[in-house]
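The block underneath contains the structure these notes are about, expressed in structure tokens.
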Amino acid sequence: MSAPALRALGLRRRFAHPSGDVEVLRGLELSVDAGELVTVSGRSGSGKSALLALLGGFDSPDAGRVLLGGEPVDGAPPWHTCAVLPQALGLAPELTVGENVALPLRLRPDGDKDGIDMRVSALLGDLGVGALVERYPGEVSFGQQQRVALARAVSGRPKVLLTDEPTAHLDAASKPAVLRLLRRCADEGAAVIVATHDDQVRAVADRRFRLTDGVIMAVPG
Ligand SMILES: Nc1ncnc2c1ncn2[C@@H]1O[C@H](COP(=O)(O)OP(=O)(O)OP(=O)(O)O)[C@@H](O)[C@H]1O
């Protein structure tokens, strides 16, 4: 049997503050298979973003480990292995919208370079921001930037996709396309983990978790 796409084992993370340390994760366990979409909810400050930073290799746990496809994570893996959509988005301001979305495809060692433009316009079109392809991130709204950053995260067909509140700045008309894309990524074989407060995201998930007191628990749909 193949290893889960993503596994977190006994994750602990403590942050030092002058007013007292905060232990955000206290032995957290999580296992997500390829093709699954899971949500992680929890009150503001419960540690969802801290968890995604550990899963994506942008931060190191005080104890425990993260395995991607059975291999230990040591620093941020390449985009086609694990792509992250953080709340801050992280679009490159000096690249156009289209160039940002193309980046993971250009960096993918085994990628079909001929199909890049077509995939970029298809993704941006699906998300309703196709007309923005030649603009720079600073020339589009935050909600539009969020969809561009999602298109960039998924463009390289990552095995694991980590997204932090991907619907937080979207209006009702823009959201269904984002939900469809997250679902499609999982249906095409990615392990998709979404930190969210949004019931509509939870509705399209295969499994739902809640992060409370540093550990994660499954919650019914
Ligand atoms: N780099 C850091 N240094 C110190 N404290 C931190 C750091 N990152 C997070 N924290 C603290 O860890 C806790 C969890 O923060 P985190 O951003 O993970 O919460 P969250 O569940 O994602 O919240 P939200 O739903 O508001 O985005 C908070 O108390 C926060 O202040």
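The values are calculated or read from the model by the stated rules, or taken from the named source; none is laboratory data. Not measured: the values here are computed from a predicted model. Cβ: placed from backbone, ideal geometry, glycine included. Neighbour counts: every protein chain shown.
Odds and ends about this structure:
- Residue within region 9-23 that is within 15 Å of the ligand (Cβ to nearest atom) and within 20 Å of Val194 (Cβ to Cβ) present: yes
- Applying a threshold of 8 Å to beta carbon distances and a minimum spacing of six or more residues, or different chains, the list of pairs starting in region 1-27 at a residue that is at positive phi and ending at one that is surrounded by 14 or more Cβ atoms within 10 Å (Cβ to Cβ) and part of a loop (DSSP other than H, G, I, E, B) reads Gly27/Gly214.
- Every residue from region 169-207 that is out of contact with any strand residue (DSSP E or B) (no Cβ under 8 Å at 6 or more places or on another chain) and among the aliphatic types (A, V, I, L, M): Leu170, Ala172, Ala173, Ala177, Val178, Leu179, Leu181, Ala203
- Restricting Pro78, Pro61, Pro72 to those that are without any contact (Cβ under 8 Å) to a residue 60 or more places away in the chain, under 30 Å from Gly10 (Cβ atoms), out of contact with any Ser or Thr (no Cβ under 9 Å at 6 or more places or on another chain) and buried (at least 16 other Cβ atoms within 10 Å of the Cβ) reduces the list to Pro61.
- Residues that are part of a strand (DSSP E or B) and either touching a Leu at 6+ places or on another chain (Cβ under 6 Å) or modelled with pLDDT of 95 or more (or both) within region 19-33 comprise Val24, Leu25, Arg26, Gly27, Leu28, Glu29, Leu30, Ser31, Val32, listed in sequence order.
- Members of region 122-142 that are of a type in the set (Ser, Thr, Tyr) and surrounded by 15 or more Cβ atoms within 10 Å (Cβ to Cβ): Tyr136
- Subset of region 176-213 (residues that are under 20 Å from Val160 (Cβ atoms) and within 16 Å of the ligand (Cβ to nearest atom)): Ile193, Val194, Ala195, Thr196, Val201, Arg202, Arg208, Phe209, Leu211
- Region 28-56: number of residues that are within 22 Å of Gly70 (Cα to Cα) and surrounded by 15 or more Cβ atoms within 10 Å (Cβ to Cβ): 19
- From the options Arg13, Arg7, Arg26, residue that is closer than 24 Å to Cys185 by Cβ and among the basic types (Lys, Arg): Arg7
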